[in-house]
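One structure is given here, and the rest of the page talks about it.
The values are calculated or read from the model by the stated rules, or taken from the named source; none is laboratory data. Small disclaimer: the values here were computed from a predicted structure and weren't measured. When we count neighbours, we look across all protein chains shown, and the Cβ atoms used for this are built from the backbone with ideal geometry, even at glycine.
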Amino acid sequence: MAENSLKLLKTKGDEHLPSFYEFGEFRLDVEKRLLWRADETAPLMPKAFEVLLALVRRHGQVVTKDELMTSVWRDTVVEENSLNVQVSALRKAFGERPQEHRFIVTVPGVGYEFVAEVREIYANAKEIQEKVTGQSEPTHLEIKGEAREQALETGKEGRRSLALHETPTSRRALGLTILICVVGCGALIFLAYALWPRRAATPAAQQPFKTIAVLPFKPLSAESRDETLEMGMADTLITKLSNINQLVVRPISAVRKYTDPSKDAVEAGRELQVDAVMDGSIQKVSDRVRVTVRLLSVRDGATLWADQFDDSSADILKVQDSISERTVKALMLKLNGDEQERLARRYTDSPEAYQLYLQGRNLWKRKVVDDYKRSLDYYRQAIEKDPNFALAYVEMAVSYIKLNGYDALAPEEAYSKARAALTRALELDEALAEAHNTLAEIKYQYDFDWSGAEREFKRAIELNPNVASIHQSYCWYLMSAGRFDEALAEIDKAQDLDPRDLIISIVRGRLFYFMRQYDRSIEQLKKVLEAEPIPVAHWSLAVAYEQKGMYAEAIEEYLTDFSLQGIAKPEGVEEAREVFRVSGWQGYVEKHLAFLNEQAKKGYVSPAEIALDYARLGKKNEALVWLEKTVDAHDAGAVSLKIEPAWDNLRSDPRFMKLIERTNQSP
């Protein structure tokens, strides 16, 4: 099965597979990963395209669900529902009505079959025909039947001769047969393509680009380095280009690591799985700034455009406007009125406010409490310089919510300040997707307003459907509501938009945990940690181990998380290990509970954390008392009461059911 799965998507390095597939009114371009309907492209997410390609390549055959999931999600553990979502998206793209299956038929309990008649077009037919007959033929070739099946087998044994003519019939006889077919069909194919040119393959340079990465700008010299400005240029251009719904732009979190000037931009683009990549350098000297920028095609490394700007530092915002406009033209994007307006919008005309905003944003890269506190100072200063700087209000609100998440600010203070900032941001600009997304989080996490939150999430996605973090936030909402199938579909969308984002992968692991699929959660989180030792991944892995009763493994992951975050010093870690060695899991939990009670005397500690320790110790009454405090405080831990496995031993108690009802959810 694994071998068949690889064949489903095998393209690179195998020149004997078709370049195009035609069925009905559609044309599938394998190289450009586009689905054409007449002269327009049908919108498809990357995973939906891969599912379609796998089915079309084996048209007329049943492809099992396991084969499809193995081939399409090769490095990720996913639910079967993820596949169902992609098939539904394909049927929608085909314009099929319910119960109408002209293209894809479901085989219950097994998989899917592509049933439409498919024409296979080989763009390198001349080379293929020379290998078969020694003669040159037309530039496109259609191959069907046994020849197609055997062609799919080529490449398995190195670069063996083209399998389409290896049958019991002699080479000479079959070569003659193919030649006659080609000559007979050649005129028809040529005529069809001449009369229908817009269906033919468009040269690479004329194909629209669907995905782009903007890399951090590099310094022209090490002495003149300004990391805030270098990262800020990329961040701002990402924000501006993300306003174009037809373009997927990798977020700043995905490109942040590409600061090495020696790193090849095209190679970075391939790693980020994009069509185009922007690379540039910037140097600020006195009151002037010099910017050199180029836009490259990742497909062939060609330069789409390049330019140099030399202006006063006060004109940096004008430079960004010019770069954005040139990029849109180079990518051959046709913007509607709303997109043109959003692209041209400036969030501030104050260079000083802009610089302060960038300094606040740049502090987020470490994701630690002190940096979130410092970022608030920069946002306040930015707003003092420009009281109408809507984005600064949004980022201020996010910082307040993050501080509550780290127990550095009580919920009432954090959410009231965040709400005030967002209210002002939306007064200034109602079309800020990020503002609606953050307001949605306040509505369900603090207000327990689930319907209001969903409206805000949907508005955010309507305004900007290509922001991975918004789909990730919506996934958390759906997860907290117990709508796991929908949450899986949403995290798939986030992963499609930002395939290499490890936080999205962690959220997937957390989703498996809440679904009580602990082994899958552990498998997913281990993959994340193989890539990078992210503290929250260690913590997430710990809770999964704990639910499986693997306490020794859980302790190590908890302590690693505490160490990475700076919560525990080395001597404290060793002391905790010794407590576990001598007194076991219960001794460790009692020690942790004593620590939390001490911390609560100094500042805010989530009551849900204290409740958790009591539940671990089997003290149900105490756990319920602290969970009531959790709901009273509108602590973020309250919204997971419905789904958190740690509370499973309390669910039979009517008091627990009433607590869930107080969060405006049904038990």
Scanning region 628-655 residue by residue, those in contact (Cβ under 8 Å) with a residue 24 or more places away in the chain, in a helix (DSSP H, G or I) and under 21 Å from LEU478 (Cα atoms) turn out to be THR630, VAL631, ALA636, GLY637, ALA638, VAL639, SER640, PRO645, ALA646, TRP647
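Per-residue answers, yes or no, for (1) in a helix (DSSP H, G or I); (2) without any contact (Cβ under 8 Å) to a residue 60 or more places away in the chain; (3) under 22 Å from GLN445 (Cβ atoms):
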| position | (1), (2), (3) |
| --- | --- |
| THR348 | no, yes, no |
| GLU352 | yes, yes, no |
| GLN355 | yes, no, no |
| ASN362 | yes, no, no |
| TYR372 | yes, yes, yes |
| ARG380 | yes, yes, no |
| TYR393 | yes, yes, yes |
| MET396 | yes, yes, yes |
Any residue in region 561-571 that is under 37 Å from the mean Cα position of the chain (by Cα), of a type in the set (Asp, Glu) and modelled with pLDDT of 90 or more?
yes
Mind checking which pairs have a first residue in region 521-542 that is in the same structural domain as ILE491 (by TED's automatic domain parsing) and a second that is assigned to a loop (DSSP other than H, G, I, E, B), Cβ under 6 Å, 6 or more apart or different chains?
GLU523/VAL77; GLN524/VAL77
Confirm whether LEU68 is at pLDDT 50 or above, surrounded by 17 or more Cβ atoms within 10 Å (Cβ to Cβ), under 33 Å from the mean Cα position of the chain (by Cα) and assigned by TED's automatic domain parsing to the domain that holds PHE49.
yes
When restricted to ARG508, ARG520, the only residue at pLDDT 95 or above and either crowded, with 21+ Cβ neighbours inside 10 Å or polar (S, T, N, Q) (or both) is ARG508
Conditions (1) touching a residue at least 60 places away in the same chain (Cβ under 8 Å); (2) in a helix (DSSP H, G or I): number failed by ASN466:
(2)
Cβ-Cβ under 7 Å pairs, at least 6 apart or on other chains, region 596-621 side farther than 18 Å from PRO645 by Cβ, far side of a type in the set (Asp, Glu)
LEU596/GLU609; LEU596/ASP613; TYR604/ASP407; VAL605/ASP407; PRO607/ASP635
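So is ARG270 among the charged types (D, E, K, R) and in contact with an Asp or Glu (Cβ under 6 Å, 6 or more places away or on another chain) or not? Can you show your working first?
Numbers: among the charged types (D, E, K, R): yes; in contact with an Asp or Glu (Cβ under 6 Å, 6 or more places away or on another chain): no.
Spelling it out, it is not the case that ARG270 is among the charged types (D, E, K, R) and in contact with an Asp or Glu (Cβ under 6 Å, 6 or more places away or on another chain).
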So if I check each of ARG294, ARG288, which one is more than 26 Å from the chain's Cα centre (by Cα), assigned by TED's automatic domain parsing to the domain that holds ASP310 and of a type in the set (Lys, Arg)?
ARG288
Of the criteria (1) part of a helix (DSSP H, G or I); (2) within 36 Å of the chain's Cα centre (by Cα), which one VAL625 fails:
(2)
GLU598 passes all but one of (1) under 28 Å from CYS475 (Cβ atoms); (2) modelled with pLDDT under 95; (3) out of contact with any helix residue (DSSP H, G or I) (no Cβ under 8 Å at 6 or more places or on another chain); which number fails?
(1)
Tally of residues being closer than 17 Å to ALA408 by Cβ and small (Gly, Ala, Ser) across region 569-617
4
For ARG270, the lone unmet condition from (1) among the basic types (Lys, Arg); (2) surrounded by 17 or more Cβ atoms within 10 Å (Cβ to Cβ); (3) without any contact (Cβ under 8 Å) to a residue 40 or more places away in the chain is (2)
Within region 259-298, residues being small (Gly, Ala, Ser), outside any loop (DSSP other than H, G, I, E, B) and either in contact with a Ser or Thr (Cβ under 9 Å, 6 or more places away or on another chain) or on the phi > 0 side of the Ramachandran plot (or both) number 5
Quick one: LEU356 ticks every box in (1) in contact with a strand residue (DSSP E or B) (Cβ under 9 Å, 6 or more places away or on another chain); (2) hydrophobic (A, V, I, L, M, F, W, C); (3) more than 18 Å from PRO208 (Cα to Cα) except a single one, so which number is it?
(1)
Region 428-454 - residue that is among the charged types (D, E, K, R) and under 30 Å from ASP386 (Cα atoms) and, of those, surrounded by the fewest Cβ atoms within 10 Å (Cβ to Cβ):
GLU430
